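Note sheet for the following structure.
The values are calculated or read from the model by the stated rules, or taken from the named source; none is laboratory data. What you are looking at is a predicted structure, and each value in this text was computed from that prediction instead of being measured. Counting neighbours? That spans all protein chains shown, and the Cβs are built from the backbone with ideal geometry, glycine included.
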Amino acid sequence: MGSLTNRLLLILLLASAAPTVADDGKIVAVNTDGLNPGEFEAIATRHDERVLVALGNSPREREGNVTATYVVGDSENGNYPLVLQLGRTVFTSGGISSRASRYHVDEINAKVTLEATRYPEVLALLASERVDLESMNFSDAYEKYVGKRRYKEASALLEEVDDMLTPHNDAPHQYRGTAACHPYTESFNTEPFLKRASADRIVVKALPGQATSLRLNGSVVALAAGDAVVISDDSITLIDGTPIPREVRSISRILSNMDDAQLERFFRQAEVIETEEIGTGITKPLRVTQRMDGITRDAVFKHVDSEPDMQNRRAYSRKLDYADRNVFEIAAYRLDRMLDLQLIPVAVARNVDGKDGVLQDWVTGAINERDRLEDDIAFESHCKQYEQYRLRFVFDILIHNDDRNLTNILWHKEDFMLWFIDHTRAFRSPPRRPKQLRNVDLRVSDQLRARLSSLNEDNLTRELGDYLHPKQIESLLKRRDLILEEALTTDLADAED
């Protein structure tokens with residue numbers, strides 16, 4: 001971290017760091033939040049032969065009879081490690097950010113401990129250079145000073161801050177994205193970290209209100225307050241021996257409290273009780289209200305189809321690349337589910353007022369990026385915006401969507417998680433990137449790579465053949481291959497770049 005003295009201190013801290021491998025036997029991990037001493041003791045004594053790991057407040061500071069073998073702390077005060085590895089399991093109270101993923105377990109603990117002293121020193125030095133990071137956005141300061149010859153000292157100090165974890169809320173006790181954010185963005189952070197540690201899983205605290213669950217193909221356990229899990233060489237279960245449930249992700253559940261199949265059935269069968277013009281868009285979409293079984297839902301109805309039945313034409317001409325088709329919304333929705341993205345609302349074919357078209361679930365509780373910027377609404381989320389945009393890059397290249405704009409990028413207002421709408425002009429035939437995405441970096445985790453690799457002519461034709469021409473499916477697969485060829489991976493060689 002800059003000076004020779006700091007590097008020597010880092011080496012000394014590494015030498016005294018917590019052990020990284022436990023003895024053979026069971027490990028009991030407890031999220032101690034909300035537990036009183038008696039409740040903690042009941043969990044701790046349930047297994048006779050065990051190593052006990054407490055995530056959060058230290059049971060040693062309670063009036064209980066049992067103390068933890070290891071405590072994973074919530075602060076960088078140096079009393080407890082922020083990250084602990086026992087065998088092939090890693091424990092931390094928060095999570096592993098993209099910055100933290102570059103380091104080994106012991107390096108993180110030493111680095112954050114060092115930053116607790118060094119960061120205030122750097123702030124004072126920057127203030128002497130008339131750079132006040134307490135009031136100035138770091139990104140703005142970095143752009144203004146770094147690399148400028150006249151600001152040589154400030155530039156060096158800002159570069160040092162840029163390499164830190166704590167100032168960016170990226171230290172393991174601060175970061176919550178591992179428990180909260182999209183599996184394909186978070187797996188790009190956790191996979192290189194686990195590979196570097198030769199570990200199988202990370203146990204983290206769940207968010208308040210979040211149930212204990214397995215995330216990221218089982219490589220992350222989000223442990224709810226007061227819950228405990230038992231880890232052995234070949235298994236991990238809840239403390240009562242039952243399996244840990246896998247996380248269920250569903251945009252439909254968020255929007256309507258129904259699953260996809262229930263929502264599709266509703267839109268196909270429910271009575272239309274009202275329609276009104278939305279007043280935006282050149283294709284005059286409608287807002288449709290439906291009711292069935294005491295449930296009322298709204299949907300957007302798109303009825304424009306500039307090239308009807310083009311999927312069944314014998315030849316594909318270049319002019320079809322400019323088609324504006326409502327059924328492409330269904331194709332985008334179905335492809336989203338094939339990839340388990342859960343970013344696009346349900347869409348189904350339906351006749352409304354004598355017009356054939358597509359109904360798509362009405363998105364509530366969201367704001368588009370244009371309005372967010374115009375209203376100067378801060379992006380407050382556990383999930384980094386630029387990491388979510390990387391999912392957009394992959395999906396829009398895959399479907400060759402060059403009609404993406406700030407009005408069809410949506411953020412859920414509660415957590416600023418990304419959603420997509422408007423795909424009626426996508427699925428064009430060029431086998432290359434859309435023009436607006438020619439220069440973006442692509443990052444694909446092993447988890448996302450596996451999903452992309454699962455696409456083939458047979459399953460795409462089965463799911464999308466009623467909406468896309470065979471040429472469009474062929475081109476989609478070529479762009480899939482391009483993405484897999486060009487994207488950075490979580491292999492350690494790429495992760496070091």
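Points worth noting:
- Residue satisfying all of: in region 261-276; among the acidic types (Asp, Glu) and more than 18 Å from Glu329 (Cβ to Cβ); surrounded by the most Cβ atoms within 10 Å (Cβ to Cβ) among these: Glu274
- Residues located in region 189-216, provided they are part of a loop (DSSP other than H, G, I, E, B), within 25 Å of Glu414 (Cβ to Cβ) and among the hydrophobic types (A, V, I, L, M, F, W, C): Ala206, Leu207, Ala211
For every residue, the table says whether it meets (1) surrounded by 17 or more Cβ atoms within 10 Å (Cβ to Cβ); (2) hydrophobic (A, V, I, L, M, F, W, C); (3) under 25 Å from Gln210 (Cα atoms); (4) more than 29 Å from the chain's Cα centre (by Cα).
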site: Leu82; (1), (2), (3), (4): yes, yes, yes, no
site: Thr92; (1), (2), (3), (4): yes, no, yes, no
site: Ser97; (1), (2), (3), (4): yes, no, yes, no
site: Lys111; (1), (2), (3), (4): yes, no, no, no
site: Val122; (1), (2), (3), (4): yes, yes, no, yes
site: Leu126; (1), (2), (3), (4): yes, yes, no, yes
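- Number of residues in region 429-470 that are over 26 Å from Ile251 (Cα atoms) and part of a loop (DSSP other than H, G, I, E, B) equals 11.
- Only listed residue being acidic (Asp, Glu), touching a His at 6+ places or on another chain (Cβ under 8 Å) and either modelled with pLDDT under 85 or farther than 21 Å from Val204 by Cα (or both), chosen from Asp74, Asp140, Asp48: Asp74
- Considered as a group, the residues in region 121-168 that are touching a residue at least 60 places away in the same chain (Cβ under 8 Å) and not charged (D, E, K, R) include one that is farthest from Tyr386 (Cα to Cα), and that residue is Ala156.
- Residue in region 362-377 that is buried (at least 20 other Cβ atoms within 10 Å of the Cβ), of a type in the set (S, T, N, Q) and under 23 Å from Ser256 (Cβ atoms) present: no
- If the condition is being buried (at least 18 other Cβ atoms within 10 Å of the Cβ) and not small (Gly, Ala, Ser), then region 378-395 contributes His382, Cys383, Lys384, Glu387, Gln388, Arg390, Leu391, Phe393, Val394, Phe395.
- Glu485 in a loop (DSSP other than H, G, I, E, B) and loosely packed, with under 15 Cβ neighbours inside 10 Å: no
- Residue count for region 388-416 satisfying the condition of being of a type outside the set (Ser, Thr, Tyr) and not in a loop (DSSP other than H, G, I, E, B): 14.
- Test for Ile473: is it in a helix (DSSP H, G or I) and within 25 Å of Tyr386 (Cβ to Cβ): no
- Unique residue being modelled with pLDDT under 55 and under 21 Å from Asn169 (Cα atoms) when the list is Leu10, Leu4: Leu10
- Pick from region 26-45, criterion in contact with a helix residue (DSSP H, G or I) (Cβ under 9 Å, 6 or more places away or on another chain) and not in a strand (DSSP E or B), ranking: modelled with the highest pLDDT: Thr32
- Number of the exception - Asp293 against (1) exposed (fewer than 11 other Cβ atoms within 10 Å of the Cβ); (2) over 36 Å from the mean Cα position of the chain (by Cα); (3) charged (D, E, K, R): (2)
- Within the option set Ala331, Ala323, Ala349, being surrounded by 15 or more Cβ atoms within 10 Å (Cβ to Cβ), touching a Phe, Trp or Tyr at 6+ places or on another chain (Cβ under 7 Å), in contact (Cβ under 8 Å) with a residue 12 or more places away in the chain and among the small types (Gly, Ala, Ser) holds for one residue only, Ala331.
- Among the residues making up region 370-387, those that are under 19 Å from Gln174 (Cα atoms) and part of a helix (DSSP H, G or I) are Gln385, Tyr386, Glu387.
- Considering region 98-188, the qualifying helices (runs of 4 or more DSSP H), each wholly inside and each with 1 or more residues that are more than 23 Å from Leu418 (Cβ to Cβ), run over 105-128, 138-145, 152-162.
- Under the condition of being assigned to a strand (DSSP E or B), of a type in the set (A, V, I, L, M) and surrounded by fewer than 18 Cβ atoms within 10 Å (Cβ to Cβ), the residues counted in region 217-243 number 1.
- When the residues of region 147-204 are filtered to those that are at positive phi and over 22 Å from the mean Cα position of the chain (by Cα), the one that is modelled with the lowest pLDDT is Gly147.
- Counting only strands (runs of 3 or more DSSP E) wholly contained in region 244-351, the ones carrying 1 or more residues that are modelled with pLDDT of 95 or more and within 19 Å of Asp466 (Cβ to Cβ) occupy 295-302.
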